[in-house]
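The structure under discussion appears below in the form of structure tokens.
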Amino acid sequence: MKKLYEEWTGRSMNKETFRDLLKLATPIFIYAPIYLYWFILIEKHKFSHYAVIHTVVDDHIPFVEAFIIPYFMWFAYVALTLLFFMLSFDVEDYYKNFFFLATGMTIFLIISTLFPNMHNLRPAIMPRDNVFTHLVQFIYSTDTPTNLWPSIHVYNSIGTMIAVHHSKRFNKVGVIIMDIIGSLIILSTLFVKQHSFYDVITAFIMAIIFYIVFYHSSFMESFCVRQEEKVAVRYN
């Protein structure tokens with residue numbers, strides 16, 4: 001395992017490597033507790049008014065419980081990709097991916113706090129009784145139909161696909177597989193009635209904006225170059 005990791009990253013597994021990994025992981029250690037605390041706070045808080053999100057398109061989207069599988073895959077899909085970039089010392093890919101995700105998630109929290117929202121898309125009674133509907137009911141019981149706009153499931157999936165496309169670590173087959181998974185996750189938010197079509201479209205718009213900000217801006221490029229140089233200096 002040690003030899004495989006050293007060949008993969010081109011770095012020796014020593015104290016310097018662990019220190020650099022810790023430095024790379026620091027933004028996650030700082031942001032994750034803040035996000036979780038804020039999210040739980042707005043989920044438990046009972047706002048006096050919620051804006052109901054609904055579009056005509058939502059009425060024509062069927063409930064397909066099997067899509068709960070890719071919906072669940074989102075958690076590993078996003079987290080493991082970010083972790084992959086960090087452990088492989090792909091500094092530029094890691095920071096761009098992290099800041100893309102964190103910025104969108106923060107905006108989602110601000111919107112949910114200032115403009116509480118909800119939807120009434122979930123089926124009152126499950127049309128079928130199977131393992132998939134049981135999983136859907138589990139999600140429904142743990143995640144309220146509030147604070148949904150824009151969809152972080154969709155936004156983060158797009159962000160992960162963007163990061164994979166920009167990475168040199170993934171071959172064509174890997175990119176296609178990641179695109180398929182990401183696309184299924186995005187569709188799942190609609191088919192398991194966790195999000196409105198409006199949530200999905202606005203997530204796409206937000207992703208386009210921050211794609212330009214973090215993948216086509218000089219300040220982000222300069223930041224990544226400085227971080228890569230610091231890691232290189234410590235390693236050399």
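The values are calculated or read from the model by the stated rules, or taken from the named source; none is laboratory data. Note that the structure is predicted; figures quoted are calculated from it, not measured. Every residue, glycine as well, gets a Cβ built from its backbone with ideal geometry; the counts of neighbours run over all protein chains shown.
No other residue among Ile111, Ile40, Ile68 is more than 12 Å from the chain's Cα centre (by Cα), of a type in the set (A, V, I, L, M) and at pLDDT below 95 apart from Ile40.
Residue check: is Ile40 in contact with a Phe, Trp or Tyr (Cβ under 8 Å, 6 or more places away or on another chain), among the β-branched types (Val, Ile, Thr) and more than 20 Å from Val175 (Cβ to Cβ)? So Ile40 does not fit the description; no.
In the set Phe85, Phe63, Phe89, Phe99, only one residue is closer than 29 Å to Leu114 by Cα and either under 20 Å from the mean Cα position of the chain (by Cα) or surrounded by 13 or more Cβ atoms within 10 Å (Cβ to Cβ) (or both); that residue is Phe99. Scanning region 183-216 for residues that are surrounded by 12 or more Cβ atoms within 10 Å (Cβ to Cβ) and outside any helix (DSSP H, G or I) yields Val192, Lys193, Gln194, His195, Ser196.
Of all residues in region 116-152, those satisfying the criterion of being assigned to a loop (DSSP other than H, G, I, E, B) and buried (at least 17 other Cβ atoms within 10 Å of the Cβ) are Pro116, His119, Leu121, Pro145, Asn147, Leu148, Trp149, Pro150, Ser151. Of the set (1) among the hydroxyl-bearing types (Ser, Thr, Tyr); (2) closer than 21 Å to Phe223 by Cβ; (3) touching a helix residue (DSSP H, G or I) at 6+ places or on another chain (Cβ under 7 Å); (4) surrounded by fewer than 17 Cβ atoms within 10 Å (Cβ to Cβ), all apply to Ser12 but (2). Does Ile28 satisfy being within 21 Å of Val213 (Cβ to Cβ) and of a type in the set (A, V, I, L, M)? Yes, satisfied.
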